[in-house]
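Peer 1: Here it is, the structure, as structure tokens.
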Ligand SMILES: Cc1cc2nc3c(=O)[nH]c(=O)nc-3n(C[C@H](O)[C@H](O)[C@H](O)COP(=O)(O)OP(=O)(O)OC[C@H]3O[C@@H](n4cnc5c(N)ncnc54)[C@H](O)[C@@H]3O)c2cc1C
Ligand code: SF4
């Protein structure tokens, strides 16, 4: 055993990095084991060809779908995890997302805690991640105990026009809550330079509030926090009783090393945390660690998403486009009495990003050259809740590789939402017949490879028969094991998940500080 810590955290992304930051000032000995390295700072960070065509930063993992087809998941292993690439749209779940919701395709189950429990942690997470936003514009906004710490990121002219046009037809667009460190009042001092390569790209100048920049680096200023990079955790071992994790076994630079701690927290991402638990089966836990309920790996969700571009009648020279959101249809409307979802902008597209995206080539070329498409494109993202289904799950095959089985569900609300947006677009200065679907963030025919919003595989709940974790995110069956990545979500709502993982990590952090005394 090389060393003993108070807490070991596996993974340094939204959940793990935030937890490390919360525990750091306590003086407790914290070890973070991170599979990846620092993301290199290099010109390719902001090069669309390198990021989107060459997949420079995508892991070389091979996973398999339920039919055994191999695919390369769009997953990134670096200090800071997926937040290094995220669009930093930092939404709270809506208050009603915490209760049971009846969807067209079935039930979105209630969380074991209400929004009121999460609210102070959302506020703290917004402060830590420097969220810019405007409360009160979005009618579905949940109550908040504090204003956003920073004013909203302004719209550039074409998006302001869209905002005004939407408002003119009676919609309620809002400024998207955003974790970019943009100071528009003092641009000369602003870390963020408002570039066109943010959503899906790493930030070369470290001005995106990601888990490396705002959580891990400050945490490492404390001598009691240690980060071991290139440390891939393979499995957890328990003592004889099976109630205590006694060792964390990792490949560190190719050699097996074992670590131990009073408390072990998994935060390797929803797929990898489930995979580690399944790989940790032993005599006491024959189906996988903490898996007496047979729930580990089940109920994988990742949003029903649809990205598309609209060709604007006038040029769209926006650089930072992710400033507008729309939730008017989030919970349905008079003609569709079920939740639909969220509309937001994605990063401004550019011609290299379209390379290999067949829908664009087939849909618009040769009518428009790809560079013309890029000049006029306004890029949208629709997000609808996919519902937990026990057969949508992570398992391991005979070689220990991840198998991700997934059947789509709750598709009708996406059609309804898309139909409504399309109907509006001709009145919003777009060509309604030139909406083209995009395979944003991915170049593969296997949709589940685009697992950016993965969640739900190790859900928390009151009942040990139907959940893996208790309300403190501690495993029901193991006394010193916690999970704080997005796998604890019993349902995902329709807004982006990162802020909820961050807020929950702060909540669990408070619990751990009380536990460790
Ligand atoms: C392109 C892109 C855009 C996105 N945009 C947004 C957005 O705008 N808003 C939003 O809310 N969300 C967004 N997301 C999703 C968001 O980034 C994730 O929901 C969030 O980061 C999940 O946090 P996590 O802690 O569960 O996992 P991660 O942040 O992925 O962290 C997991 C960490 O575990 C490490 N790890 C994995 N396996 C092991 C192992 N075996 N041993 C040790 N370490 C391991 C990984 O390297 C990683 O650092 C986006 C994601 C992507 C990819
Ligand atoms: S928009 Fe700002 S935060 Fe985003 S990548 Fe550019 S400089 Fe970084």
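Peer 1: Which one is nearest to ligand 2 (Cβ to nearest atom) among residues in the range 30-48 that are within 30 Å of residue 258 (Cβ to Cβ) and in a loop (DSSP other than H, G, I, E, B)?
Peer 2: Looking at residues that are within 30 Å of residue 258 (Cβ to Cβ) and in a loop (DSSP other than H, G, I, E, B), I get 39.
Peer 1: For the range 200-216, check the following and say yes or no: at least one residue is modelled with pLDDT under 95 and either within 16 Å of ligand 2 (Cβ to nearest atom) or over 24 Å from residue 380 (Cβ atoms) (or both).
Peer 2: yes
Peer 1: Only residues that are farther than 20 Å from residue 21 by Cβ and part of a loop (DSSP other than H, G, I, E, B): list them for the range 225-251, please.
Peer 2: 230, 239, 240, 241, 242, 243, 244
Peer 1: Considering 454, 411, which residue is surrounded by fewer than 16 Cβ atoms within 10 Å (Cβ to Cβ), modelled with pLDDT of 85 or more and either within 28 Å of residue 274 (Cβ to Cβ) or within 21 Å of the chain's Cα centre (by Cα) (or both)?
Peer 2: Sole residue among the options that is surrounded by fewer than 16 Cβ atoms within 10 Å (Cβ to Cβ), modelled with pLDDT of 85 or more and either within 28 Å of residue 274 (Cβ to Cβ) or within 21 Å of the chain's Cα centre (by Cα) (or both): 411.
Peer 1: Any residue at all in the range 113-125 that's over 14 Å from residue 497 (Cα atoms) and not in a helix (DSSP H, G or I)?
Peer 2: Within the range 113-125 (the criterion being over 14 Å from residue 497 (Cα atoms) and not in a helix (DSSP H, G or I)), the answer is yes, since at least one residue qualifies.
Peer 1: While we're looking at this one, here's another question. Being under 25 Å from residue 491 (Cα atoms) and outside any helix (DSSP H, G or I) is the filter here; which residues of the range 252-270 pass it?
Peer 2: 264, 265, 266, 267, 268, 269 - these are the residues of the range 252-270 that are under 25 Å from residue 491 (Cα atoms) and outside any helix (DSSP H, G or I).
Peer 1: If a residue must be part of a loop (DSSP other than H, G, I, E, B) and surrounded by fewer than 24 Cβ atoms within 10 Å (Cβ to Cβ), how many such residues does the range 80-98 contain?
Peer 2: So the answer is 2.
Peer 1: Sticking with this one: Just to verify a result, which residue in the range 99-111, among those that are part of a loop (DSSP other than H, G, I, E, B) and either within 16 Å of residue 413 (Cβ to Cβ) or in contact with a helix residue (DSSP H, G or I) (Cβ under 8 Å, 6 or more places away or on another chain) (or both), is nearest to ligand 1 (Cβ to nearest atom)?
Peer 2: 111
Peer 1: Residues in the range 146-184 that are part of a loop (DSSP other than H, G, I, E, B) and within 16 Å of ligand 1 (Cβ to nearest atom): how many?
Peer 2: Total meeting the criteria: 8.
Peer 1: Residues of the range 451-460 being in a loop (DSSP other than H, G, I, E, B) and farther than 17 Å from residue 289 by Cα, which ones?
Peer 2: Listed by number, the residues that qualify are 451, 452, 453, 454.
Peer 1: While we're looking at this one, here's another question. Might you let me know whether the range 55-64 holds any residue that is in contact with a strand residue (DSSP E or B) (Cβ under 8 Å, 6 or more places away or on another chain) and away from ligand 1 (no atom under 13 Å from the Cβ)?
Peer 2: Within the range 55-64 (the criterion being in contact with a strand residue (DSSP E or B) (Cβ under 8 Å, 6 or more places away or on another chain) and away from ligand 1 (no atom under 13 Å from the Cβ)), the answer is yes, since at least one residue qualifies.
Peer 1: So in the range 49-65, with the set limited to residues that are assigned to a helix (DSSP H, G or I) and over 21 Å from the mean Cα position of the chain (by Cα), which one is modelled with the lowest pLDDT?
Peer 2: The extreme case among them is 53.
Peer 1: Being surrounded by fewer than 24 Cβ atoms within 10 Å (Cβ to Cβ) and touching a helix residue (DSSP H, G or I) at 6+ places or on another chain (Cβ under 8 Å) is the requirement here; does residue 291 meet it?
Peer 2: For residue 291, the condition - surrounded by fewer than 24 Cβ atoms within 10 Å (Cβ to Cβ) and touching a helix residue (DSSP H, G or I) at 6+ places or on another chain (Cβ under 8 Å) - is met.
Peer 1: Also, quick follow-up: Among the numbered criteria (1) modelled with pLDDT under 95; (2) within 24 Å of residue 316 (Cβ to Cβ); (3) assigned to a helix (DSSP H, G or I), which one does residue 448 miss?
Peer 2: Every listed condition holds for residue 448 apart from (2).
Peer 1: I'm trying to understand the selection: among the residues of the range 67-93, which are within 6 Å of ligand 1 (Cβ to nearest atom) and at positive phi?
Peer 2: Listed by number, the residues that qualify are 81, 88.
Peer 1: Is one or more of the residues making up the range 211-220 buried (at least 17 other Cβ atoms within 10 Å of the Cβ), touching a helix residue (DSSP H, G or I) at 6+ places or on another chain (Cβ under 7 Å), at negative phi and in a loop (DSSP other than H, G, I, E, B)?
Peer 2: No; the residues of the range 211-220 include none that is buried (at least 17 other Cβ atoms within 10 Å of the Cβ), touching a helix residue (DSSP H, G or I) at 6+ places or on another chain (Cβ under 7 Å), at negative phi and in a loop (DSSP other than H, G, I, E, B).
Peer 1: I would also like to ask the following. With the checklist (1) modelled with pLDDT of 95 or more; (2) within 16 Å of ligand 1 (Cβ to nearest atom) in hand, flag the one item residue 442 doesn't pass.
Peer 2: (1)
Peer 1: Only one of 64, 115, 77 is in contact with a helix residue (DSSP H, G or I) (Cβ under 8 Å, 6 or more places away or on another chain) and in contact (Cβ under 8 Å) with a residue 24 or more places away in the chain. Can you tell me which?
Peer 2: 115
Peer 1: Continuing with this model, one more query. Which one of these is touching a residue at least 12 places away in the same chain (Cβ under 8 Å) and not in a loop (DSSP other than H, G, I, E, B): 514, 494, 501?
Peer 2: 501
The values are calculated or read from the model by the stated rules, or taken from the named source; none is laboratory data. All values derive from a computational prediction rather than experimental measurement. Neighbour counts run over all protein chains shown; Cβ positions are idealised from the backbone, glycine included.
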